[in-house]
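One structure is given below, encoded as structure tokens.
The values are calculated or read from the model by the stated rules, or taken from the named source; none is laboratory data. What you are looking at is a predicted structure, and each value in this text was computed from that prediction instead of being measured. Cβ atoms come from the backbone with ideal geometry, glycine included; neighbour counts cover every protein chain shown.
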Amino acid sequence: MATMRAAIYTRTGAAREVLSIVERPRPEPRAGEVLVRIVASGVNPSDVKKRAGWRSTKPLDHEVTPHSDGAGVIEAVGAGVSDDWVGRRVWIYNAQGGASYGAADSPECGTAAEYAALPLPFVVPLPDNVSFEAGACLGVPASTAHYAVFADGDVEGRTVLVQGGAGAVGELAVQLAADGGATVIATVSSAEKAEVARRAGAAHVIDRHATDVAKAVRAIVPEGVDRIVEVDFGANAAIDAAALKRGGIVASYSSPSAPTPSIPYYPLQFTAGMLRFVPIFLISQAYRRRGHADINFALSRGALRPTIASVLAFDDIAAAHEAVESGRTIGNVVLRIGSDR
């Protein structure tokens, strides 16, 4: 039986205490699946939170191979999948993350392994001009950014506020919104992050630690912004209410500071706006396909360019998790799993 190296954890906790790399049988693709030789594996905040036990106190009842996102080459296909897929470079969406969030069609086959067998809808052709390392940064961040920006229609001629415009999702939301014809305002927390947001296409950048964000937004666009892409709804709800145009939309994909937020109800109500939640693992297949096509079109034109902070060796997976958890890393952390031969 062919084997592979895979990272696993059997209990949640600190990265160096629970993560290990072991030998496991190489998976075989079942009907409707493809076997991907993983070249690069992306490390998302959601991956490290799950490994740490975020929102769960129950002991694990199974072994987990972490990481939702990655990129590699298809080496074999299961029944019902065209042989034309063999040899294709692909990026991977939702390989491991969605099952914990209620997505019935999500596998538990993380990309922190030399091979992964995945349903065909969870792999997307990787444009030739995009590296495997960049491809490993796309699944959760780019899909979340696309849905947050475009779920309520085109943004051409609109003003979009991206809260946390230098984060993994925020940077790509800035790029997609700017490429879509929006005027983008981004909030950041440092001068370094301001440069990331500007490179991504933000027309205006606001340091949230040095400036009253709502006042700064209203100085730029007195009537308020049409859309807000929100990284921390619980922390920013009052700012969003003060910055939103009447009839505008807040698309929130996270609320880490306050998982059960207390919100300024009437200021939000009086915007006559809408709050859209962005559960990226639960969106429809139809929208998922549209998003992946749009993401690839932007990638092929160089309009989407995730910043990579560091590429670490597979054996350094614990250090990769710690880098993401620190909150000090600007850009994505990627593990190099295998050769790009």
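Listing for the model above:
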| read-out | value |
| --- | --- |
| Test: residue in segment 165-179 that is within 18 Å of the chain's Cα centre (by Cα), touching a residue at least 12 places away in the same chain (Cβ under 8 Å), over 18 Å from residue 308 (Cα atoms) and outside any helix (DSSP H, G or I) | no |
| Residue satisfying all of: in segment 167-196; farther than 21 Å from residue 294 by Cα and among the aliphatic types (A, V, I, L, M); surrounded by the most Cβ atoms within 10 Å (Cβ to Cβ) among these | 186 |
| Check on residue 49, more than 22 Å from residue 295 (Cβ to Cβ), in the same structural domain as residue 117 (by TED's automatic domain parsing) and in a helix (DSSP H, G or I) | yes |
| Selection count, segment 179-226, where residues are closer than 14 Å to residue 239 by Cβ and charged (D, E, K, R) | 5 |
| Enumeration of residues in segment 302-314 that are touching a residue at least 40 places away in the same chain (Cβ under 8 Å) and out of contact with any Lys or Arg (no Cβ under 9 Å at 6 or more places or on another chain) | 302, 303, 304, 306, 308 |
| Enumeration of residues in segment 153-164 that are assigned to a loop (DSSP other than H, G, I, E, B) and touching a helix residue (DSSP H, G or I) at 6+ places or on another chain (Cβ under 9 Å) | 155, 158, 163, 164 |
| Odd one out for residue 127 among (1) closer than 30 Å to residue 205 by Cα; (2) assigned by TED's automatic domain parsing to the domain that holds residue 331; (3) of a type outside the set (Gly, Ala, Ser) | (1) |
| Residue list for segment 1-37, restricted to those being closer than 18 Å to residue 117 by Cα and assigned to a loop (DSSP other than H, G, I, E, B) | 1, 2, 26, 27, 28, 29, 30, 31, 32 |
| Inter-residue pairs, beta-carbon under 6 Å, first under 13 Å from residue 7 (Cα atoms) and in segment 28-45, second among the hydroxyl-bearing types (Ser, Thr, Tyr) and surrounded by 22 or more Cβ atoms within 10 Å (Cβ to Cβ), 6+ apart | 38/111; 41/111 |
| Filtered residue count, segment 30-47, keeping only those that are crowded, with 17+ Cβ neighbours inside 10 Å and either among the acidic types (Asp, Glu) or modelled with pLDDT of 95 or more (or both) | 12 |
| Counted residues, segment 180-199 - those being in a helix (DSSP H, G or I), in contact (Cβ under 8 Å) with a residue 40 or more places away in the chain and touching a helix residue (DSSP H, G or I) at 6+ places or on another chain (Cβ under 8 Å) | 1 |
| Residue tally, condition in contact (Cβ under 8 Å) with a residue 40 or more places away in the chain and out of contact with any Pro (no Cβ under 8 Å at 6 or more places or on another chain), over segment 326-341 | 9 |
| Extreme residue, surrounded by the most Cβ atoms within 10 Å (Cβ to Cβ), among residues of segment 328-338 that are over 17 Å from the mean Cα position of the chain (by Cα) and at pLDDT 95 or above | 337 |
| Helices (runs of 4 or more DSSP H) within segment 222-327 that include 2 or more residues surrounded by fewer than 20 Cβ atoms within 10 Å (Cβ to Cβ), hydrophobic (A, V, I, L, M, F, W, C) and over 15 Å from the mean Cα position of the chain (by Cα) | 233-243, 285-300, 317-326 |
